[in-house]
Structures are given as C-alpha cells and as structure tokens.
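Here the structure is laid out as structure tokens; the discussion comes afterwards.
The values are calculated or read from the model by the stated rules, or taken from the named source; none is laboratory data. The structure presented is a predicted model; accordingly, all values stated were derived computationally and were not measured. For neighbour counting, all protein chains shown are included, and Cβ atoms are generated from backbone atoms with ideal geometry for every residue, glycine included. Ligands, DNA and RNA are stripped out before the accessible areas are found, and what is left, the full protein with its side chains, is counted by its heavy atoms. Shrake-Rupley method; radii C 1.70, N 1.55, O 1.52, S 1.80 Å.
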Amino acid sequence: MTNELTKIIEGSARGGFFLLLGAVFSTVILAANSMIIGRFLGPDLYGQYALSLILSQLLFLFSGFGINQGLIKFVTDLYLKDEKENLVKIIRSGIIFRIIIGAAISLVAFYLAVPFSLVIGRPDIAPYIQLSSLILVFQVIYSITTAIFIGLDMAEHNALVKILFSIVKFMASIYLILIGLRVIGAILGSIIGYLIVSVIGISILLFKLKNLFPRNNSGKFDFTRNMRTLIDFGMPLYMSTLLTGFMPLYQNFILAIFATNVELGNFKAAINFITAINMIFASTAIIFLQSFSKLSSLNIRNKINPLFKIISKYTATLTLPIIMLIILFSKEIIKIIYGPYYQSAPLYLSLLCFVYLFVPLGYIILFNIFNGLGETKLSLEVTLINFTLFLFLGPLLAKLYSVIGMTVAFLISNLASTLFARLIAKRKFKLQFEIRELSKVYFVAILSSIPLMLFHSTFASNIFNVVIGILLYFFVYVTLIPLTKILNKFEFKIIANALRGAGLLALLIKPIIAYQRKILSISSFVFQLIRKNL
C-alpha cells in the first residue's frame, strides 16, 4: 500500500471521527433545544414558530447550486497540488457568490412573507416569517465555511463550528424565550446562532489561509470562470438535492390522503428521529467525497479499489451496530422522547432504519465516491432512479398499507438505486464488493443482539434499560468483531493511528487493542481445545 493511500486513509478516518463527533454533539444539543422550546412555547406558539421557518428553509434549498460540494472537490484538489493562488481565488469566488445568493433569497423571503402567510391561512405570523428571512444570509455563510474546512482537511474546525452553533442557539433561544419574547425569541436565537458562528468560522478560515495568500498577487481574479467551474461540477448534485428535498413533501402529501391523523402523528415522531440520524450520517459520509477527490488529485486512481474496500469495512463496522441498537430499542427510544401515546412509532422507526442496513452495500458511500471522482452525473442518475421508483410505488403501496406501505416504497426505491450504483461502480471503476467479508459484520451485529433479546425486559426503567443494553451490546460486539478479521492488522493500525492523531481517543485505543488481543488469544486457545476433543 503506497504512502499516499495510507495518508488518505488516515486522513479519512481522522476527518470522519471529527465530523461524527461534531454531528452527534450538535444534533443532541439541537434536539434538546427543540424539545425545550416546544415545552416553553406550548403547542400553539410552537406551531407558529415551526410555520414561520418553512418559507426561509424552503428557499434555502435554492441557494446551493452544488457550490459547497464543488468547493470540497476543488479546494481538496488545489490544496494537494499546492496551487495556493488558485485555491484562494476559488474560495473567494464561492464565498462571494453564496453571500450574494443568500442576500437575494433573504429579500425574496421577506417580500413573500405576507402572501405566504395568507396562502397558509395564518396572516398573523407574517412578521415572524419576515424576521426568519434574516437567517438565510448567515446560514449560507455558515454552510460554506464548514464545507471549505473539509476541503482543507480541517474537519476539527468543521466540528467546532457546528458544536458552537448548537450551543449558542440553545442558550440564546432559551434566554430570549424566558425573558418573554416567546416566538420572536426562538427565531432570534437561530439568527444569533448563525451570526456568531459565521463570524467565528470566517475568522478561523482567514487566519488559516493567511499564509496561502500570495504576496505578489499579479494573477487576474476571474470570478466568472471560477463560478462556471464550481457550477458545472455542482449542478447535477444540486438537482439531486432538489429531488431528494421534494421526496418528504411528496411523502407527506400522499400520506395525508391515505393515512389517519394518528398514523401521521406516529410517522412524524419516527421521521424526526430519522432526520437526526441523517444529519449524523450525511456529515460523516461527506468525507468520502474528499477522500476520492484526493485520489484524482494525486493521479493514483488505480488505488480506488483498495480505498473503497477499507472504507466499506470501516463504515460497515461502525454503522451496523448503531442501527441494530436503534431497532432493538425503538420502543424505549420513542417512549423516552415522546411519551407512551405513540404506539405505532417504534414500528415505523425500525422499518425506516432498515435503509441504513444498505450502507455496506454502497448506500450513501457510492454517491459520494462518484462525486469525489468528478462523476456527478452518475450521482444524478442514481437519484433519478430512486425518485422515479418512489414517485410510482409510494401512492400504490400507501393506498394498500398506509404508512407501512409508504415506508416499504422508500426502502425499495433506495435499495434499487443502491444496486444500480453498484452496477455502475463495477463496470466503470472496477470496484470489487467483498460480500463475504461484509456478511461477517452483519452476522456479528445480529449475534451481538442475542443477549439483549434475552434480558430486554429485565429492567423497569426505560433509560436504565437502554444504557445497560448499549453497554452489553458493545461489549459483545467488540469481543466478537476481531474474530471476523474483517480489518487486517495493517488496516486496523492505520485507522487506530488516525484516531490516536485526533487526540481525544488516545486513552481509549490502547485498552481496546489490548482487550481485543486477549480475546483473540483466549478464543484461539479454546478453539484448539475443541478441535483436539473432537
């Protein structure tokens, strides 16, 4: 394995760790913020707050044009090639363009506030919608700085900014509500959060780029050419984002026809939890885009297959146990968060989680691999297959089986698009899928759940049940996973070094490795005794 590939793998593991850390912490804090705001405002005012954000967040979808993904791709390329002047120029172009678009859609949201409030039959919330339009400018700056940090191999700053945003928004929102501003306070909390982290993010970025600014910048700043480069790359991704963003709206429309209010409420509770999971997985999956961009930049595309194998093993090893735990504890999770009245939500949550069992098959991973290699049109084709199947299967199955039918349509469309992506990956990039190796992880993930099934109802407290269950599951999983030898010693060492380089896991890695070695030596000894006796 070449030194370049080793560095890419270590960078991916390190970056993925920081992105996961930032996503988990920020998601937990924002979820707590939403629940507390909901309790303080009550159902009526919380409903007004939710409605006041719809227009601005809908228009935010039209601000992207795939610029963020383009910046991750080209900033990675230029950074590795040490083309400092072009790197600074393309970053400057991207930031200027996004700020202009952000300001424009903010004005559009402000002027559409009154007509929109009349259309939804809530003319009294027009001032709230106008106030929420200010979020867009700072949200755009926040999103583009986090993307640039990934391109510059600074995932730790991406995580820092995300966590800071969640903390600032949490503190500002709660304080402003408590002093009597209510809905206005909740909206201002979001504005203050995005404003502060935007200033902090841009300041960190400028400080990090200070040494990259050329002293004699004689080159021409070609804004149009830079933006054409970014948009040509990002437009298929932008179309994919729009189609993906339309699917939940279409899903809600169909369910409004075929499902009861009770079923919709339970489904909404499950979807809220899935949204949080999506935020975490989407944050970590974006590192794949950067990793394969590095291969293209370094002209070592012949190493695509080795990198893909390790990433597949790495993601399968991390993803499957988490999803299995959510499925096993779906009832407890829903009861803890929403109370005992959401009887169908655990079933819906478990079914929706099945889509993440497709991750080892290439779900999410292949999409970002195509993007990293510059094949964004392939990503769009994958999205179109997913969208088209769901468009036709959704109403058909929802009519027959209501929410469960809609969920099955969602799973079928995602599985079909993933299998199509696998076919393209095999033919075009000669990627090899180690089904036998990955099946071992599935087997261990399921096997580790057996103790939980035996002791699942032992504890009276749901929270205690979940905590003990998680600890028990991971104890068994960490014990069994080395026996599969899915990661060889060299691959495990690379990932361990990368995580040790992150600093925060330095104290944990040595005991885990020592524990695994003891288990391997003990299990080998036991197997030898069994063979002799047989």
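Values computed for the structure shown
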| item | result |
| --- | --- |
| Residue identified as at pLDDT 90 or above and either surrounded by fewer than 19 Cβ atoms within 10 Å (Cβ to Cβ) or more than 24 Å from Val476 (Cα to Cα) (or both) among Ser413, Ser402 | Ser413 |
| Region 26-57, residues that are among the aromatic types (Phe, Trp, Tyr), surrounded by fewer than 20 Cβ atoms within 10 Å (Cβ to Cβ) and at pLDDT 80 or above | Phe40 |
| Residue that is within 23 Å of Leu318 (Cβ to Cβ) and either in contact with a His (Cβ under 8 Å, 6 or more places away or on another chain) or surrounded by 15 or more Cβ atoms within 10 Å (Cβ to Cβ) (or both), where the choices are Leu389, Leu447, Leu397, Leu472 | Leu472 |
| Selected residue (only one of Phe60, Phe74 is open to solvent by 20 Å² or more (accessible area, probe 1.4 Å) and either of a type in the set (S, T, N, Q) or farther than 21 Å from Phe223 by Cα (or both)) | Phe60 |
| Qualifying residue in region 183-194 (condition: among the small types (Gly, Ala, Ser) and not in a helix (DSSP H, G or I)) | no |
| Residue count, region 102-142 (criterion: over 26 Å from Gly47 (Cα atoms) and touching a Lys or Arg at 6+ places or on another chain (Cβ under 8 Å)) | 1 |
| Residue match in region 356-374 (condition: crowded, with 21+ Cβ neighbours inside 10 Å, modelled with pLDDT under 85, part of a loop (DSSP other than H, G, I, E, B) and β-branched (Val, Ile, Thr)) | yes |
| Yes/no for Tyr238 being under 21 Å from Leu393 (Cβ atoms) and either assigned to a helix (DSSP H, G or I) or in contact with a His (Cβ under 8 Å, 6 or more places away or on another chain) (or both) | no |
| Condition broken by Ile463, with the remaining ones in (1) modelled with pLDDT under 85; (2) β-branched (Val, Ile, Thr); (3) open to solvent by less than 60 Å² (accessible area, probe 1.4 Å); (4) not in a loop (DSSP other than H, G, I, E, B) satisfied | (3) |
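One line per residue, one yes/no per condition, for (1) at pLDDT below 80; (2) farther than 28 Å from Met171 by Cα; (3) crowded, with 19+ Cβ neighbours inside 10 Å:
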position: Asp82; (1), (2), (3): yes, yes, no
position: Ile90; (1), (2), (3): no, yes, yes
position: Ile96; (1), (2), (3): no, yes, no
position: Ser106; (1), (2), (3): no, no, yes
